[in-house]
Each structure stands twice: as C-alpha cells, then as structure tokens.
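Chemist: Got a structure for you, questions after.
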Amino acid sequence: MTDHPAAAAPRAVASVDDAMAHAVELATRGPSWGPNPRVGCVLLAPSAAGAPERTVLAEGWHRGAGTPHAEAAALAAAREAGVDVRGATAVVTLEPCNHTGRTGPCAVALEQAGVAEVVYAVADPNPVAAGGAEHLASRGVRTELRPTSAATELTHAWATAAAAGRPYVILKTATTLDGRVAAADGSSRWITGPEARTHAHEVRATVDAIAVGTGTVAADDPALTARRPGGGLAAHQPLRVVVGRRDVPPAARLRTEEGGALVHLATHDVTEVLAALAAREVRTLLVEGGPRLATAFLDAGVVDELHAYVAPVLLGAGRGAVGDLGVTTLADAPRWRTHDVRRLGDDVLLTARTHPSPSRPTAQEA
Ligand code: AOF
Ligand code: ZN
C-alpha cells in the first residue's frame, strides 16, 4: 500500500455526468474544514466514436491545504499506473486553478499532460486562483462549465466565503417551540435532547471555528470541543473563539479542557471579528450564542446559514434566542429559505439560508 492520493481505475466506464457525480463523492473524502475547498477529479479516456460511456483512467481528490489539488492527484495516479492521459477529459468539481500558491497551477498541469477537454461544475470564485478555464481555452483545451446541484452544494460554504472575503457564518440556536433559550428563572439545560446535541457536535467537527460571547462563557462555561457520542474528542477540533471585552476566567473549561486553540477577540464589532478570523484562514464559522452575539451577527447581515434546533417545549416566558433586530413590521423581517428539515429524536433541525438553496434539484435535473 502506498499513501498515494488515488488509484487508477482502468476498467470502470462512466458518462461525463456519472464521472462528475463520482468526483463529488471523491471530494467529500477530503476535510470540510481548512482554508481549501474540497475538490474531486476523474480522468476519462477519449470517447470512442462519440459513445457516452468512457473508460475511467484515474481519479483524485484534495486532502487539505498544502497537499496536491484534485487534478494533480489524478494526474499523479495516472502516471503511477502508467496510464496515458493524452486526449482525455478531466471532469472536475471546481474550475482548475491558474496560480502558484501552496502548489502549482492545475490548468498548466492538465494542458501539459495533453488533456484535451476539461469539464468543471463550479467556477472558481477565488480571485487569486481563478482564470484556469480561460488559460486552458487559450491553449486549445476544450472547456465546459457544467453545473450540478451536488457540486454546487459541496462547494457552497467555501465558495461563499471565498467570494465574500470573510468566513461563511452559520448561526446555531437551540430553542423551545416559542423561540426561548431559558426559562424565567434562567434555567436553560437542556432544551434539546441527546440526538440534537450529538448532531451539534458533528457540525462542530466540520467547521474551522466556533464563536461564543463572553456572556455565554460566564453563564454556561462551555468547553466548545467537538465530541463523539461516546464522549471522546473528534479528530478535528475547531478554533475556539470568545467575543467580547470581559476576560475568560483562568478556571474556564475553555482554558482547562483540551480542544482547539483559544482566541479571545476583545471587541463587539462583528466586522472586526470576521476580519480577524479571515486573517487566520477561517472559512466556516459556527456562532453558538448567546443571544447578544447572535443578534450582533444578524444585525450585521453576515449570517449565511441558520441551524435552528427546536424542541417541542413551550415556556411562554423567558429569554429569546435573538434580541431586538430593529424590525417593527413583518414586511421588514428578512425571510430565510428553508434548505433542509430533519428530525432528531423529539427535536427538529431546520437549516435555512439567506441565498437560494443550491441543493434542490433544478428543473432540468428533477
Ligand atoms: C485546492 N484543492 O483540488 C483545487 C483547488 O492554497 P493553494 O495554493 O493550494 O490553492 C488553493 C486554491 O486553488 C483554492 O482557493 C482554489 O481556488 C484552487 N483550487 N484548491 O485546495 C484543489 N482544485
Ligand atoms: Zn489547482
């Protein structure tokens, strides 16, 4: 066994659409956290007399910042297997890059390997790396942008962050049916059940950073670690971010318990928070509360996705998940788009986004 990114698969056959679906699956083997996107690539043999089914020559995916890009991994797999890729079609989930960053430009590598055609599903929104398709076309390589909802969804958070130049922000709330996070006496543990909490930990293990306000540190003393159902730490631990001017006490679990690095941002300015995290290459930020921090992020208009865990409990009084947003009439309330609804034990997780959901099949795909 070598630790090679991918094995060549010379006997498999696939259409370009199948290959793209497989490239998405390959991409999901890479980490969802870290500064780089998840990308998959399948190299298909030239088509025999226009037949839709093509031999799969090799495949590759990206394994995290600093490792070969998906296209480079697929080309290396083909080389290692002694497979000729001249005249091949590269099917990639993201437009090949055109820059020398941590690795060399994939557009050049594909062209130099003699690939004749590149089909990609998402245009690269990263201004530093974009332009691969143009470069390939200028060298006589056929290029085609062929979007699929699966590839768009795969790349959604990273691409939104890359285009906005700030982290993709997910706001998590865990409330009663009437939107409350604590009863009148302040008691707040536990509103949602174990399945919802397990899910929330799974989400933590996929993001770059988790943020809470100093008020939540004082009230709940959270550890902000990503834990497995058995209690052990998940392999990936997000950065733990505390926002606000109050100190994090020396005995706080954030300081004493093992987990991601602790970053204290002594500000209430959301723009400053996002800039500081962008500078640390945070692409996905999970904001976990409390209500004051949630309100500040919503007020600033920077929440891209809501994860609303809702328990079938009514309190009738007590603190709400979100404070005053300055909305005085219904027509002024921002309306989100439901992206997904999922039952977790007795609770429900509603995922909503500000942007149209790319995961819904388009009319053509349905
Ligand atoms: C990846 N993996 O498979 C592809 C990427 O930081 P660098 O130098 O590795 O470059 C990252 C950029 O390259 C990234 O922002 C994206 O625009 C482009 N494509 N990146 O990490 C890949 N194909
Ligand atoms: Zn690349």
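All of the numbers you see were taken from the coordinates with simple rules; none came from a lab. Note that the coordinates shown come from a computational prediction; the quantities given were computed from them, not determined experimentally. Cβ sites come from the backbone with ideal geometry, for glycine too, and all protein chains shown count toward neighbours.
Chemist: In Å, what Rg and Dmax follow from the Cα atoms of the chain?
Modeler: For the chain, the Cα-based Rg and Dmax read 22.9, 75 Å.
Chemist: Please report, largest first and rounded to whole Å, the three semi-axes of the ellipsoid equivalent to the stretch 80-121, where each semi-axis is the square root of five times an eigenvalue of the C-alpha gyration tensor.
Modeler: For the stretch 80-121, the semi-axes come out at 18, 14, 9 Å.
Chemist: Separate question: Neighbour counts of other C-beta atoms within 10 Å: give me Ser188, Ser138 arranged from fewest to most.
Modeler: Result, fewest neighbours first: Ser138, Ser188.
Chemist: Follow-up. Looking at the chain, do any whole DSSP H helices span at least 20 angstrom along their long axis by alpha carbon and average -0.5 or above on Kyte-Doolittle, and which?
Modeler: Those that clear 20 Å and a mean of -0.5 are 149-164.
Chemist: OK, next. Size of the dipole of the chain about the Cα centre, Lys and Arg at +1 and Asp and Glu at -1 on the beta carbon, nothing else charged, in debye to 20?
Modeler: Dipole of the chain, to the nearest 20 debye: 480 debye.
Chemist: Considering only Ala209, Gly34, Pro127, whose Cα is most displaced toward the positive end of the charge dipole of the chain, charges sitting on Cβ of Lys, Arg (+1) and Asp, Glu (-1)?
Modeler: Highest projection toward the positive end goes to Ala209.
Chemist: Here's something else I'd like to know. Regarding the stretch 12-161, what are the three Cα extents along the principal axes, ordered largest first, in Å?
Modeler: 42, 27, 27
Chemist: OK, next. What is the stretch 166-353's relative contact order, in percent, from Cα pairs under 8 angstrom and six or more apart in sequence?
Modeler: 35
Chemist: Let me ask something additional. What is the Cα convex hull volume of the stretch 166-353 when expressed per residue in Å³?
Modeler: Taking only Cα atoms, the stretch 166-353 has a hull volume of 122 Å³ per residue.
Chemist: Sort Val241, Val24 by Cβ crowding within 10 Å, fewest neighbours at the top.
Modeler: Fewest-to-most Cβ neighbours within 10 Å comes out as Val24, Val241.
Chemist: Using the crude model of +1 on Lys and Arg Cβ and -1 on Asp and Glu Cβ, and no other charge, please compute the dipole size for the stretch 47-169 relative to its Cα centre, in debye to 20.
Modeler: 200
Chemist: Compute the signed sum of charges (Lys and Arg +1, Asp and Glu -1) over the other residues within less than 15 Å, Cβ to Cβ, of Val207.
Modeler: Summing Lys and Arg as +1 and Asp and Glu as -1 gives +2.
Chemist: In the stretch 12-161, what % of DSSP beta bridges are antiparallel (nearest 5)?
Modeler: So the antiparallel bridges in the stretch 12-161 amount to around 55 percent.
Chemist: Quick one: net charge of Trp158's neighbours, Cβ under 14 Å, K/R +1, D/E -1?
Modeler: Local net charge: -4.
Chemist: Answer with one residue from Val243, Leu306, Ala196: the one whose Cα lies farthest towards the positive end of the charge dipole of the chain, charges on Cβ with Lys, Arg +1 and Asp, Glu -1.
Modeler: Comparing the listed Cα positions along the dipole, Val243 ranks first.
Chemist: Give the percent of DSSP beta bridges with both residues in the chain that are antiparallel, rounded to the nearest 5.
Modeler: Close to 45 percent.
Chemist: Oh, and also: Take every Cα pair under 8 Å in the stretch 62-211 that's 6+ residues apart, average their separations, divide by the length, and report that relative contact order as a whole percent.
Modeler: 16
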